[in-house]
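The values are calculated or read from the model by the stated rules, or taken from the named source; none is laboratory data. Worth saying up front: this structure is predicted, and the values here are computed from it rather than measured. Positions of Cβ are backbone-derived with ideal geometry, glycine not excepted, and every protein chain shown enters the neighbour counts.
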Amino acid sequence: MGTGKRQSILGKFPNISEKGTNEKKLKEEAKKHGLQARGVGGEHSAMDAQGTADISPMARFGVTEAFVAEKLYNGLVKLYQVEKAAGADHHSECVFIEDARKQYLDGEGNVAWDKVEARLLELRSIKTSLGNKFFTKEASQKARGLEQS
């Protein structure tokens with residue numbers, strides 16, 4: 001049974017996860033902050049070599065959407081602090097929260113769909129996911145026509 005209250009992000013944690021080779025370590029650290037770490041393709045999938053993981057709050061029942069969003073944000077701030085502290089040698093590989101949004105935006109602050117689609121193609125080579133199933137060419141064309149706020 002789903003609640004519709006699962007919010008998540010794809011984040012890179014190369015230091016905590018030892019470049020994706022130690023998923024258990026990232027999952028344990030995420031749990032300390034009320035978060036759940038999954039593989040890059042969602043449940044029952046692996047992280048990639050950059051330590052990319054699907055991160056979501058553990059709380060889903062008996063809570064509001066605002067509570068879930070707050071838990072995700074606050075937990076990510078703490079998790080990225082741990083990530084940054086875990087690897088001064090190669091922290092530049094990590095996408096930090098303040099820069100994460102900018103990855104998929106153009107110079108005017110609009111969604112750069114070519115970047116989104118390129119990342120999706122990269123993810124498809126890793127594991128079949130819900131994104132692969134539902135983010136079709138038709139869905140992409142419809143999304144491009146939506147008004148951005």
Pairs, please: C-beta under 6 Å, at least 6 apart or cross-chain, first residue surrounded by 14 or more Cβ atoms within 10 Å (Cβ to Cβ) and in segment 53-71, second of a type in the set (V, I, T) and part of a helix (DSSP H, G or I)?
P57/V68
Please give the number of the condition G34 fails out of (1) within 26 Å of L121 (Cα to Cα); (2) touching a strand residue (DSSP E or B) at 6+ places or on another chain (Cβ under 8 Å).
(1)
Pair list, Cβ < 8 Å and 6+ apart or interchain, from segment 11-23 residues that are buried (at least 20 other Cβ atoms within 10 Å of the Cβ) to residues that are β-branched (V, I, T)
G11/T52; G11/I55; G11/V95; K12/T52; K12/V95; F13/T52; I16/V82; G20/T52
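Name the residues in segment 1-16 that are more than 14 Å from the chain's Cα centre (by Cα) and at pLDDT 80 or above, would you? Spell out how you get there, then give the answer.
Keep residues of segment 1-16 that are more than 14 Å from the chain's Cα centre (by Cα), which gives 1-5, 15-16.
Once the filter is applied, which keeps residues that are more than 14 Å from the chain's Cα centre (by Cα) and at pLDDT 80 or above, segment 1-16 yields N15, I16.
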Of all residues in segment 24-52 being modelled with pLDDT under 85 and farther than 18 Å from R119 by Cα, the one that is surrounded by the most Cβ atoms within 10 Å (Cβ to Cβ)
E43
Where residues in segment 98-134 are surrounded by 14 or more Cβ atoms within 10 Å (Cβ to Cβ) and of a type in the set (V, I, T), which of them is modelled with the lowest pLDDT?
I126
